[in-house]
Every structure is written in structure tokens, then in C-alpha cells.
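Novice: Okay, here's the structure, questions in a sec.
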Ligand SMILES: Nc1ncnc2c1ncn2[C@@H]1O[C@H](COP(=O)(O)OP(=O)(O)OP(=O)(O)O)[C@@H](O)[C@H]1O
Ligand SMILES: [Mg+2]
């Protein structure tokens, strides 16, 4: 395998009982590459993400990260390997504030000999939160506010700022702009452009054709749990992609699939 | 204070307008209840203008009626220790019903290792072990009691976290099991005659010292440690906590263990205070402990609540008890009033949630 491959999956499959949510996905992502995953609701996009990040255990198949075969026991392990994810469900704790959420599961602490009772370094975490929000241009009136008092868009901004705070080997965003206003969407897109400039690879799941065409190098289309197309942006356009999404067309190499 | 108003997105945020902490409401309620009893002392014809809280006899050296203050807190201290634990369980969106019977079972077990050899020069008539278990250092019964509590808590936590039994059911089962253990331990007979050092653990104001000391420790733990943060995170959004890499199951086991160890310690203190252990001890303690947390503003759906709130909730129950005794209304009225207060607390909290700033 050539060593500029960030992520590779082979025959990645997930069945929920009788539901074949993901079937035989072969996927590749190269260094510095930004790839979009598109597909209708229920096509298996989020399921694909959950198998890579260890949120769920796959039914079958293999995953390599930077050439190393991996099978993450949980999202923490994925994160320790440099995979940062904005989940579609956001994964925020409503009763906690912004710094708490940004650092949840990887708190900065001191007196670490106290084990689970080690002390939180609130000051440093708050400062880093402010820095991260400034860097990403995310606007939140009061970071000490609990998440439950925030608008859907602000919540999403927090979830995105969380991934952007920590340098990663691979960033995955599952519909990061689904609930955002025009300005916030532009901000998130800017964050994504920054990642591109810094050469950080990205998998972007989105239903927004304009956004996808603007931002990524390649589009992978899912339909009913299977990959049905792998299109370089230069070789395609919106109408073409829609045809693959709806099933009017299927990529030559995927004939016989859904 | 660092400036948190960065990038306000056109919104203004007034830093001086910190949100009114929930605990202030309970403190306010506490003061109102005290004032009501104070007024009742003045207006009720049979009360002869007695004061509830102030010292009316020797107004020279003290302002407050210290005896009453002590009783208010002493009578809730032991249940309060349990409440510190159940608060943590409820924050994770769980519940622990097993604490009352666990108090009894631990009292029996710990007391059995705290026996004196001679009672008034005669051999101890109630000892259930031989002389090897007599006059042991006080640390032995305490550690055995805490270990028993840790074991029960680990079982509770394992059933809740690993076998996904609803906490209500798992701890209801443990409720019966612990009461059974308490009865079985000495075939229903009480265990009495502890060593002096054991008695000291529950003597005088010691229960209050334990309660407030542990309250301070767990306040710090919940607010300033990773354990506390994860406890809130799990109750707030268990899925998010898991995705953030928190070992949710292990953490829950730890929370149930800590709660049961606190209940077990309450059993030690209670038996030391009473100088006896009986299988029927701690009846309804689990419910009163939960009531303290609820009055203290905890959310039974998890994620919200605090040790300060629970301590204030305990004080509210203590004041109501003392107050009813003060105005010479007996226990039946106390129970009715407490029931009313608990329901009122939840209604107020829901109202507050809907109108949150
Ligand atoms: N835990 C589960 N148990 C059973 N079925 C599931 C589960 N999770 C997902 N599915 C099913 O798997 C299929 C794929 O779901 P998935 O969430 O991956 O869709 P998606 O492509 O992300 O859709 P959307 O665009 O709406 O987010 C759906 O039919 C869904 O109902
Ligand atoms: Mg999805």
C-alpha cells in the first residue's frame, strides 16, 4: 500500500440485525485530501463514520489508518490515534458549559496522582477555549453558559470548534452545517478551508451540493448502504452527482451494487 | 476573571449578570420556613411568644438558640451522609433505593467487630463472634463496614452499568437483599455493647462533623475533579460522554460504590450513636436522602444538582422537623408537611426550568 494513504477501508460492513446499513465499503483517502460523502437520508453515511471511529463495532471488513490496521474499541481510542469527529448527533453534554464540552474526556488537569480525583485546570481550559473560538471565528456570547441554553447553530459551532482545537491526522464532519445560518455556515467553511491549507485530511458528510462543490476534491456517493460512485470534482457536476444519489446512474466500477 | 465576551456575534453579554444559582432559591426557601416558624412562635396563643431560632432567655452571651440549631442539623446529619452519595447517583441519572437497608446491614456487621469483651465486668452477652473479635481497634469495624458498602455498591453499579438493569429495579432488589442480610446476620437479634472508641464515632456532634466534613470533600470532588465532571457529563448526555471517550460503565460503578460506601459509613455512625445495631434500622432513610437531594434542586433526569443544594435540602427537612416539634405538632403533621415540601420543590424547579434565563 502506498504510504500517502491516510485512511483505507476494505469490505467495511455493518448490519443492525436484518438491516444492512453498510455493505462492503471500499474507501480511500489520501494525504491532504478533502473528500465529501453524499447520499440520501439513511444511505449509511453516518454508519460508515461510526464504524471507522469505533463508536460501533463493525460486522465485517478492515480499516487502515496511515498504513496501520486499526480496530478502535471506542471513540477515545480513535481520538488518541488522531481521528477527530463532529458527530451528527453532536455529542455535547447539555448541562456543561463550552470549555467543559471542548475538553470532555481529555481535561487538562494537575495533581494527577489523585487518579480519578485529579483536579481540573479550569483556567487553562477556558483560555484555550477562547483562543479556539477566536481562531475559528465562532461566536458564542458567553462560554460559561451551559449548552442547553444555546441555539442549535451555536451548539454546532461548539462541536466544530472542538475538533478544530486539537490537531488531528484525520477530521470527520457529519453534516456540520445542517442547522447553521448563512454566516455560521460561511465560518465553518472557512474552518474547513484552513484545514485544507494546513494539509489536514477531511471527510465531509453534507447534503449541500454547492458547499461540496466549493470545498472538496472528490465526492463519494452512498446509496442504500453501498458506495455507488467515486467522482473527482473536475469530472462531475451537481446534476451528475444527483443522478448517482437517486440511483439514475451507478459508477462503472460499482455495477452490480445497489 | 478572563474576558469571556469574545466574538459575541453582535450579541451583548453582561458579565456582571451571572445567573442566579439554584442554591440561592433553596437558601431563600429555608429562610422563609424559619421566618414562618418564628412568626408562629409569636402568634400561636399557646406558644407564649417563644422564639424559634433566637435565644430569649440569656440574651447576653448568645444570639441564637444553639441547642435548637444543633438539633436541627444533628437529626439530619446521618441521613445527610447518605444524601451526599445518592446526589452523585442521581446526577448520573440513576437512583439508589438500597441505602436504608444497607445502613442496617452495615450497622450489624460493623458492630459485630466493635464489641467489648467485658460489659460492667461481665462477659459481653450479645457478642456474635468469639473473643478474637473483641476490643479490636476502631479502624477494623469501620474498614469492614466500608468494604461491605463498596461491595454492595459494586454489585449495584455492575447491574446498572454492565447488565443494563434500570437503577430503580437493581437497587430495589438490593434494598430487599440488604434488609435480608441485616436480619440474617444475627438471626434478628440486636448487636450491642461497642467499644468506647467505636461509640465516639457517633457521640455528641460527631455525626454533624462527619456530615459537613464529607460534604466539603464531595463538593470539591464534584466541582473541581475529573470524577465530578464526568459524573455530570454522564447524567447530561450519556451518549456524548461515551463518544468523548469517558468509560461510562466503569465510572457508574465507581459512583454507585462511593454512594454505598457513604451509606455504609452512615450505618457505622448510626450504630455508634445508638450504641446498638438492629436489623430494622434506617427505615425510610433512602427516601429521606433522595428527598434531601430533590429539595436541593437535583434533576432526577440527571446532569443537574449539587452537594450544596443537598446540604441545604437536608437543612430544610431538619428545620421542618424542629419547627413542628417547636409548635407542638407531632410526627404525623411533619410527614405531611415534608411530603408537601418535596412536591413543591419539584414544581418550583420545573417552573424554573421552563422560564430559565
Ligand atoms: N442503531 C441502529 N439500529 C438499527 N438500524 C440503524 C441503526 N443506526 C442506523 N440504522 C439504520 O441504518 C441506515 C443508515 O443510517 P445512517 O444513520 O447511516 O444514515 P445516513 O446516511 O447518515 O442518513 P442521514 O443523511 O439522514 O444522516 C438507516 O436505515 C437507519 O435506519
Ligand atoms: Mg447521518
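Readers should treat all values here as calculations from the given coordinates under stated rules, not as data from a laboratory. No experiment lies behind these values; they were computed from the predicted model shown. Counting neighbours? That spans all protein chains shown, and the Cβs are built from the backbone with ideal geometry, glycine included.
Novice: Over 37 Å, how big is the tail of the calculated P(r) for chain B, in percent of all Cα pairs?
Specialist: The proportion of pairs with Cα distances above 37 Å equals 26 percent.
Novice: What number do you get for the range A:172-258 when its Cα radius of gyration is normalised by 2.2 N^0.38 Å, N = residues?
Specialist: Cα-based Rg divided by the globular estimate yields 1.15.
Novice: Moving on to the next point. Please arrange B:126, B:199, B:229 by counting, for each residue, the other beta carbons lying within 10 Å of its beta carbon, fewest first.
Specialist: Listed from fewest to most nearby Cβ atoms, that is B:126, B:199, B:229.
Novice: Using only the alpha-carbon atoms, what does the range B:122-200 span along each of its principal axes? Please give whole angstrom values in decreasing order.
Specialist: 52, 25, 21
Novice: For chain A, state what percent of all Cα-Cα pairs lands in each successive 10 Å bin, counting from 0 Å until the bin that includes the largest distance.
Specialist: 7, 29, 35, 21, 7, 1, 0
Novice: Another question, if that's okay. Mind jotting down the distance between the C-alpha centroids of the range B:185-240 and the range B:315-350, whole Å?
Specialist: 24
Novice: Taking N as the number of residues in the protein assembly as shown, what value does Rg over Cα atoms divided by 2.2 N^0.38 Å take?
Specialist: 1.19
Novice: Compute the separation of the alpha-carbon centres of the range A:119-195 and the range A:199-229 and state it in Å as a whole number.
Specialist: Value for the Cα centre distance between the two parts: 21 Å.
Novice: Right, here's the next one. Which value in Å is the Kirkwood Rh of the range B:174-324 over different Cα pairs?
Specialist: Every distinct Cα pair counted, the radius reaches 17.4 Å.
Novice: Kindly give the semi-axes, whole Å and largest first, of the ellipsoid equivalent to the range A:105-188, taking each as the square root of 5 times a Cα gyration tensor eigenvalue.
Specialist: Square roots of five times the eigenvalues give 27, 15, 12 Å.
Novice: Here is a follow-up. Taking only Cα atoms, what is the 0 to 90° angle, nearest 10, from helix A:182-197's long axis to the longest principal axis of chain A?
Specialist: 80
Novice: Additional query: Add -39500 (n - 2.57) for each DSSP H run of 4 or more in chain A, then divide by its residues: what number comes out at 222 nm, to the nearest 500 deg cm²/dmol?
Specialist: -9000 deg cm²/dmol
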